[in-house]
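Here the structure comes first, spelled out in structure tokens, and everything after it is commentary.
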Amino acid sequence: MALSVPGMPSLVREFLSEMSPIEGVAAVLVLVNVWLVARRSIWNYAFGVAGVAIYGWVFFHARLYSDALLQVFFLVLNLYGLAKWRQSRAQAGEVVVERLGVGKRFAWAGGILVAIAVWGWLMHRFTDASLPWWDAGVAMTSVAAQLLMSWRKLENWWLWIAANMLSIGLYAVKGLWITMALYVVLLGLAIWGLARWRAARVEAPRGRTQLERGS
């Protein structure tokens with residue numbers, strides 16, 4: 001039953017009527033997860049695992065199959081990222097921020113475009129997925145961002161910014177209003193996370209920075 005209060009604006013009533021409690025729980029978990037990632041806290045993975053499990057269910061029922069399958073992949077990547085971050089903290093005393101070289105940035109960009117084309121075609125051809133190409137753009141960009149985040153690469157935030165911008169429009173069209181609002185906040189958090197990780201790079205010891213550039 002939707003919450004209704006006399007004098008409540010119609011837009012707010014519509015927003016509340018579309019809210020799913022489980023979607024709201026997932027939104028809170030993801031917000032905490034990204035906030036902790038921006039702070040380079042290893043505890044982000046606990047919230048990440050719970051969030052992706054719930055969103056897998058939400059996206060499946062919305063027939064956003066790319067995003068539903070993406071949550072399974074994210075579950076695996078969260079466990080992988082936890083191991084990589086723990087390794088970095090054990091070796092350096094903190095989660096060290098690294099960067100990709102110019103050549104690798106172009107390679108990643110090309111790979112993402114190919115992945116979007118292939119995955120979008122598969123969803124369009126073999127499923128009844130809603131908005132398969134748009135959905136594929138969100139999914140493949142997010143996969144790349146999660147991989148780079150697991151490897152502590154600064155560029156993960158640029159990809160999260162792009163994925164969040166695509167997601168805002170997609171979930172608005174699908175009527176997932178809490179999720180749309182979540183991605184507006186996530187966009188802001190991604191910009192903040194990029195700034196924090198850049199600052200961490202500037203503050204890194206000179207010797208460590210030179211070593212990372214050579215890797």
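The values are calculated or read from the model by the stated rules, or taken from the named source; none is laboratory data. Since we're looking at a predicted model, the values are computed, not measured. As a convention, Cβ positions derive from the backbone with ideal geometry for all residues, glycine included, and neighbour counts pool all protein chains shown. To get the accessible areas, we keep the full protein, side chains included, count just its heavy atoms, and leave off ligands, DNA and RNA. Shrake-Rupley method; radii C 1.70, N 1.55, O 1.52, S 1.80 Å.
A few remarks follow.
- The stretch 109-126 residues that are under 18 Å from Ala145 (Cβ atoms) and hydroxyl-bearing (Ser, Thr, Tyr), paired with ones that are open to solvent by 40 Å² or more (accessible area, probe 1.4 Å) and assigned to a helix (DSSP H, G or I) (beta carbon under 9 Å, 6 or more apart): none
- Number of the exception - Lys84 against (1) within 27 Å of Trp197 (Cα to Cα); (2) open to solvent by 80 Å² or more (accessible area, probe 1.4 Å): (2)
- Number of the condition not met by Arg63 [criteria: (1) over 19 Å from Ile178 (Cβ atoms); (2) open to solvent by 20 Å² or more (accessible area, probe 1.4 Å); (3) touching a residue at least 40 places away in the same chain (Cβ under 8 Å)]: (1)
- Selected residue (criterion: nearest to Arg89 (Cα to Cα)) from residues of the stretch 138-182 that are open to solvent by less than 20 Å² (accessible area, probe 1.4 Å), at pLDDT below 90 and not aliphatic (A, V, I, L, M): Thr179
- Filtered residues of the stretch 1-29 (kept if modelled with pLDDT of 80 or more and open to solvent by less than 30 Å² (accessible area, probe 1.4 Å)): Ala26
- Residue in the stretch 92-100 that is hydrophobic (A, V, I, L, M, F, W, C), assigned to a helix (DSSP H, G or I), more than 17 Å from the chain's Cα centre (by Cα) and farther than 30 Å from Gly169 by Cβ present: yes
- If you go through the stretch 93-108 and pick out every residue that is of a type in the set (Lys, Arg) and either free of Cβ contacts under 8 Å to residues at least 60 places away in the same chain or open to solvent by less than 40 Å² (accessible area, probe 1.4 Å) (or both), you end up with 2.
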